[in-house]
Every structure is written in structure tokens, then in C-alpha cells.
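Heads up, the thing below is written out as C-alpha cells.
FYI, it's all coordinate maths here, none of it is from the lab. Since the structure is predicted, the reported quantities are computational estimates derived from the model, not experimental observations. Backbone-built Cβ (ideal geometry, glycine too); neighbour counts: all protein chains shown.
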Amino acid sequence: MGHELVQISPTGLPPANESGLGTALQALGRAMSAARAELSRSSSGPRTFYIETFGCQMNVHDSEKVAGVLMARGLRPVEKDEDADLVLYNTCTIREKAAQKVFSRLGAFRKASRQAGKMIGVLGCVAQQEGKRIFARAPWVSLVCGSASYTRLPELLEQVKAGRSRVQGLSLGTSECFETELVRRDKPFSAYVTIIEGCDEPCAFCVVPMTRGRERSRSSERILADCRRLVEEGYTEIQLLGQIVNHWQDPAPARRSFAGLLSQVAEIPGVRRVRFATSHPRYFTPEIVRAIENHPALCDQVHLPVQSGSSRVLSRMQRAYTREEYLEKINCIRSARRAISISTDVIVGFCGETREDFEQTVALLDQVEYDQVFSFKFSPRPDTAAAGFEDPVPEDEKRRRLAELQEHQRVIQLRRNQALVGGECEVLVESFQPRLQQAVGRTTSNRVVNFPGRPEWIGRYVQVRVTAAGPNSLVGVRADQALSGGVGAPGAIATCTVDGRKATAARRV
Ligand code: SAM
């Protein structure tokens, strides 16, 4: 499997010394090995690395690729920053809070940076946005690199290794995508594949075009070759990624459409599930819905950020669609031959949003009946169009509107999830909670399901009977055991929270 290609023990350290040497001897041994490690660090550059990631799925996958680049050059991943020669921090600046976290976290790395030969690097959107200012605020940082410069990472790392202290990759002018020889995949059954990088949309609130550079699409040949290899390596779920994933434009002679690409990925033998995010309503076509209808491997799920239910606000946001045009796309999805779950992103309190605008957004939630809503309070970002707009909505009011919208959506989600109780669904098991002896996975509609299970089920598809539902997850039992008794520790019960109280699977197993 692909993850085996890069499978290196998480710490790579030899077992702890249990030979019973005297304390003094042990201390001497520790001191000597620390000295040896420092000597080897300073003489041959970093040998181990640690990456901490904030932000979206694209950031998570960027970190997987950066790890691949490092491992291809012989560096070994470690699980704790204190054990790493090279500490990389992949950052997000989509909202101010995320950006603020970066400097407090960098403060925590300061002490570690005093270790001889230890290097600290900042990657991602804050690196791009703050650039050289990072060196001024955190002089212990030796590398700053934005995602549009990741193709230069090997060269930049060589400079760091050669002892240069302020190495930077901050150009946004690339037309290349970040291709890597190896990717360290964090999940052995589900793999991200980037199909388009950067963003050319002029959304007034969004910092992404300034941090990730111009749009550039990978060729259909490369994407399909990646997907075929992933299947050979044992992955069954493919998640296609891009800031505006459905604006992908094939640079290859085949000139496939986005819907055509979805179909081709779904037709690869061995692919059981295909997801894609994030779609922009402007480029969302009926062909995408037809592709989902015709290919069972394309998941019953579309994430279609609306941002606001008011056409007036949408126009100020420069989203290039009205409420009515957005609802036409929703009607198209709802008219599909199989039920497709719809999720969205909403920003409340955008500059000049009136109470009436906000109420239109709440009414839209009722009209669409989303299965999931990611909602945010508007956060002004530097260099965006909205940074220059007047923002008369007080913070308190934004907070109140956010809470109101979330409560409204919670009721919708609870009702929609409870309608599934008694039915069955196929769940891809993603993790196992030993304390509860509970398997946790997702349905094709992206709902989280908890049910009594076993750790070896991770990566398997299990048919589950839904027995209870909360607003954010379902509870169930394995369908073939729903009648005959269960699996897991004796007395294990699956749980989720409904209205602040614990809901449990209908029967003990
Ligand atoms: N590129 C995608 C798009 O345009 O739909 C997703 C961009 S972003 C990673 C995810 C979400 O963050 C956006 O859909 C939006 O709801 C939210 N967001 C972006 N900028 C924001 C801001 N300045 N304040 C609050 N939320 C923001």
C-alpha cells in the first residue's frame, strides 16, 4: 500500500533502555547521545521533522506532500516537535483568529529553537501573508514559504541545511502545481488528490487569492494516474481537492470537463467513493448532478457554499450569483434520481448586513434544509476588497446572529437525522474509540456514525442499522447484528449527544 512506501516508525527511536544500568551511567549515556545528535544535526542538516497543520483539507494535504518531499530526502517524521530537528508549522489565515494563533504557537517553539541545530519553518497562508515580517516578529524562524512556492521546497531546504538563516519562498507568480515524488498519507483508506491550486475568484471577504496565487489545474492524465496508483495501493476513497474544485480546466489535450473527470475517477475499478470540495455555485452545472446520478461511486453529497441568503449581500461579497440563481442549482441537485445530501458555508455579519438580510439567510436554511452548515462570523482580512468597506455591524450583534443561525440549523439537522432512524446505511469506518469500544465512520452522505465495533474494521465498509440520531451524528449497530446480538466489549453501547443528553444505541450489545 502507498502508505507502506513511506512507512517509517512514527518516532523511529530505538526502544527505551531497560537494562538496569546505574542512574549515573544512564545520565552519561543520555548526555552523550544528545551531544552526538547535536553534532550530527549541525554537521549534516536536519534528520528528523515534525509538521503541525492548521486549516482546510488543502492545508492537510499540502502537509502530506511536504512530508513526502522531506522523506524522499531521507528525513524521518517524529511525533513530537521537541524530538524534531526541523519543525514546520503549516498555517491558515482565513479568519483573524486562525492567524493570531500562529504567533502564539511560534512563541512556544522559541525555547526549542535554542537547541543547537534546530530549525523552525512557517508554511502556508500566514507565511505568504506575513512574509518577511515573520522573521522580525519571530527571529528564531529560519524558513518562510507560501504554498505557491512549494515546488521550490527542496532547494529552500538545501539553503536551510547549508546554514542560511532567513530562507524565503514567497513568490506568487508560479504557473506550476506542487508535484511530489512521495506523499505521506495520514489515512490508509482515503486519499486526497489536488486537482486545482490557487484561486482567481474575487470574493470580497476572502484572502485565498492573495495567499495561494493564481489558479492552475493539473492535467487529467496526472490526476487519473494518481487515482489508479492509489487504488493499487489499497485506497478506496478518493477526495478531489481545490479551492474552487469545479473550476478545474483540463490542460491536457483530452480537455475533459470537471463532470467528465468525476465520471472517469468513479469508473476506476476499486474506487468505492469519490468526494470533491469545494464547489463554487457559479460553476456548478447540471452535468455534475448527472455524473453523480450515473456513478454510484460518486458520493451522495455536494458541498455548495452559499455565504448569504440575501442577493444584496451576495452582490457586495462579489459572489457572482443571486439567491434565486443559487436556489436553481439546489433544485437541480434535489431533482436527482437519488437523494443527494447538501452542505454549505455561511458568513454572518458581513459588512452592512441588515437584520432583514440575515433573516433571508435563516429562511434559506429552511428552504434548502441543509444536512450540514459551516457558519462563521465575518472576519475582515488584509488586502481583501471588504477590508476597505464600512462595517457597521457591531461585534455583539454578529455573535448573536451566529448563535441564532446555528441554533436554527441544529433543529433542522436533528429533524433530518432522526428521519433516518430505523434505516440502514453503508459506513466507511475511519477510527475506533477504545474507551467506548466504538467504531466511527461516515456514510456516503458524509454523516458521522458511531456503532459498537472493532479496531480492525478501520478502512472497511460496514452496513449499519441506524438506531438513534443527534444533530451532528448517528448511532447504530452493524446491520447483521441488529437482530442477533452484537460486537465489541460486553455491554458496549454506541453514543452521541442529542439536546445535550446522551443518546444511546437502541439495544445493548
Ligand atoms: N474557496 C472556497 C469558496 O470560495 O467557497 C472555500 C474558502 S474558505 C477555505 C472556507 C470558508 O471560510 C468560506 O466558504 C467562507 O464561508 C469562510 N470564510 C472565508 N473568508 C472569511 C472571512 N473573511 N470571514 C469569515 N469567514 C470566511
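Details
- Glu267-Ala72 FRET efficiency (beta carbon distance; Förster radius 30 Å; 0.05 resolution): 0.45
- Label point 7 Å beyond Cα of Ser113 along Cβ direction - residues of the range 128-143 with amide nitrogen under 12 Å: 133-143
- Vicinal HN-Hα couplings computed from phi for the range 399-409 (Karplus, 6.51 cos²θ - 1.76 cosθ + 1.60; Hz; Gly/Pro x): 5, 4, 4, 4, 4, 5, 5, 5, 5, 4, 5
- Charge-dipole axis of the chain as Lys and Arg at +1 and Asp and Glu at -1 on Cβ define it, positive-most pick from Ala468, Val193, Ser142: Ser142
- Over the chain, dividing the summed -39,500 (n - 2.57) contributions of all DSSP H runs of at least 4 residues by the number of residues returns a 222 nm mean residue ellipticity of -10500 deg cm²/dmol.
- This model, with +1 at the C-beta of Lys and Arg and -1 at the C-beta of Asp and Glu, gives the range 369-418 a dipole about its Cα centre of some 260 debye.
- Residues of the range 89-132 with an amide N closer than 15 Å to a point placed 7 Å from the Cα of Glu82 along the Cα-to-Cβ direction: 108-116.
- Highest mean packing first, where packing is the average number of other Cβ atoms within 10 Å per residue, the peptides 102-108, 325-331 line up as 325-331, 102-108.
- Residue pairs, from the table Lys187/Lys398; Lys80/Lys187; Lys80/Lys161; Lys97/Lys161; Lys80/Lys377, whose Cα atoms sit over 27 Å apart: Lys187/Lys398; Lys97/Lys161; Lys80/Lys377
- Environment charge at Arg454 (Cβ cut-off 15 Å; Lys +1, Arg +1, Asp -1, Glu -1): 0
- The simple spin-label model puts a point 7 Å past each Cα toward its Cβ; for Arg214 and Gln57 those points are separated by 2.7 nm.
- Packing-based exposure ordering (other Cβ within 10 Å, fewest first) of Phe135, Phe389: Phe389, Phe135
- When the charge dipole of the chain is built from unit charges on Cβ atoms (+1 for Lys and Arg, -1 for Asp and Glu) and taken about the Cα centre, the candidate among Phe178, Phe109, Pro305 whose Cα reaches farthest toward its positive end is Phe109.
- Around the Cα centre of the chain, unit charges on the Cβ atoms of Lys, Arg, Asp and Glu (plus for the first two, minus for the last two) sum to a dipole of about 1060 debye.
- Net lengthening on full extension, Glu359/Arg228 (0.36 nm per residue, minus Cα-Cα): 42.5 nm
- A simple spin-label model places the labels of Glu176 and Phe389 3.7 nm from each other, with each point 7 Å out along Cα-to-Cβ.
- Stretch gain in nm, segment Gln318-Lys132, where the contour uses 0.36 nm per residue and the Cα spacing is subtracted: 63.9 nm
- Net charge, Val231 excluded, C-beta distance under 12 Å - Lys, Arg +1, Asp, Glu -1: -1
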